[in-house]
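For reference, the structure discussed in these notes is given below.
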Amino acid sequence: MAAVLLSAVLLSGQRPAGDPTVGDVVRVGVSQGQSIPAYLQDSRAELAALAASPTAGQAETYALVTLRAYLAPQRLAAVLAGVSVSHVYARVPLPRTQTEIVRIPAVQVPDDVQALAYRERCSCVYAGVVRATPAVLRDVAARPGVRVVDPAPEVRRVDRAVFLPPLPEQADTVRPPPDGGPPAATRPAVRRRHGRRMATVVRHRPMHPGDQGVR
């Protein structure tokens, strides 16, 4: 029976119907080398146009919310209140160090963020993907701590989208963070015992009287 059906499809020149939501991967955000001020301006203009549209303004849409600073998980609840949260982006902001960007599913904010990776409640979250109507998204964009809300009505499935939020410290052009390692005065020193890592201690260089005034 399966062979007969396949032959019929081939003879008719038609392909079996698939999932209409599966298509090309959509990129949302700002890529390497692009202007961040231009991205912020375009995102705000697009959100205003969607909110003013009599048709598009009534439908929920995905959006990329970028924050002005790295926030602790417990501060996300107020910033992302009233919207459905898909996931957030976080990284440990160390000086002169390109740390890993982590994508954290976050249905319940802030519990999911704390439970998965940041139980110590470090200030690491800098962006999130949400879903709401354009009017609600405009309210989110006006909240303290929110840098911009980039609406993405073209996204129908988050697993078919790549989100690229700018880092809080990036102001002009998107470029990789400098990766020279932390300063020598605060570089972690690892104590080992019998060849096994036991603890990580941050040592600070002591200040001597003779060091004052030395630049």
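The values are calculated or read from the model by the stated rules, or taken from the named source; none is laboratory data. No experiment lies behind these values; they were computed from the predicted model shown. Positions of Cβ are backbone-derived with ideal geometry, glycine not excepted, and every protein chain shown enters the neighbour counts.
Is it true that GLY82 is over 14 Å from the mean Cα position of the chain (by Cα), at pLDDT 90 or above and not acidic (Asp, Glu)?
Working: over 14 Å from the mean Cα position of the chain (by Cα): yes; at pLDDT 90 or above: yes; not acidic (Asp, Glu): yes.
Yes: the conditions hold for GLY82.
Tell me whether the range 113-123 contains one or more residues that are touching a Pro at 6+ places or on another chain (Cβ under 6 Å), part of a strand (DSSP E or B), more than 16 Å from PRO168 (Cα to Cα) and not β-branched (Val, Ile, Thr).
no
Please pick out the residue among VAL113, VAL162, VAL129, VAL136 that is under 21 Å from PRO73 (Cα atoms) and either modelled with pLDDT of 95 or more or in contact with an Asp or Glu (Cβ under 7 Å, 6 or more places away or on another chain) (or both).
Numbers: VAL113 fails: either modelled with pLDDT of 95 or more or in contact with an Asp or Glu (Cβ under 7 Å, 6 or more places away or on another chain) (or both); VAL162 fails: under 21 Å from PRO73 (Cα atoms); VAL136 fails: under 21 Å from PRO73 (Cα atoms).
Selected residue: VAL129, the only one of VAL113, VAL162, VAL129, VAL136 that is under 21 Å from PRO73 (Cα atoms) and either modelled with pLDDT of 95 or more or in contact with an Asp or Glu (Cβ under 7 Å, 6 or more places away or on another chain) (or both).
State whether one or more residues within the range 126-140 are outside any strand (DSSP E or B), among the acidic types (Asp, Glu), in contact (Cβ under 8 Å) with a residue 24 or more places away in the chain and within 28 Å of SER35 (Cβ to Cβ).
Step one: filter the range 126-140 for residues outside any strand (DSSP E or B), giving 133-140.
If we keep only those that are among the acidic types (Asp, Glu) as well, we get 139.
Right, trim to in contact (Cβ under 8 Å) with a residue 24 or more places away in the chain and you get 139.
Next, from what is left, pick out any that are within 28 Å of SER35 (Cβ to Cβ): 139.
Within the range 126-140, one or more residues are outside any strand (DSSP E or B), among the acidic types (Asp, Glu), in contact (Cβ under 8 Å) with a residue 24 or more places away in the chain and within 28 Å of SER35 (Cβ to Cβ).
Give me the pairs: first residue in the range 31-43 and over 12 Å from PRO165 (Cβ atoms) and in contact (Cβ under 8 Å) with a residue 12 or more places away in the chain, second residue surrounded by 12 or more Cβ atoms within 10 Å (Cβ to Cβ) and of a type in the set (A, V, I, L, M), beta-carbon distance under 9 Å, and six or more apart or on different chains, which are they?
Partner pairs satisfying both residue conditions: GLN32/LEU164; GLN32/VAL174; GLY33/VAL174; GLN34/VAL174; SER35/VAL174.
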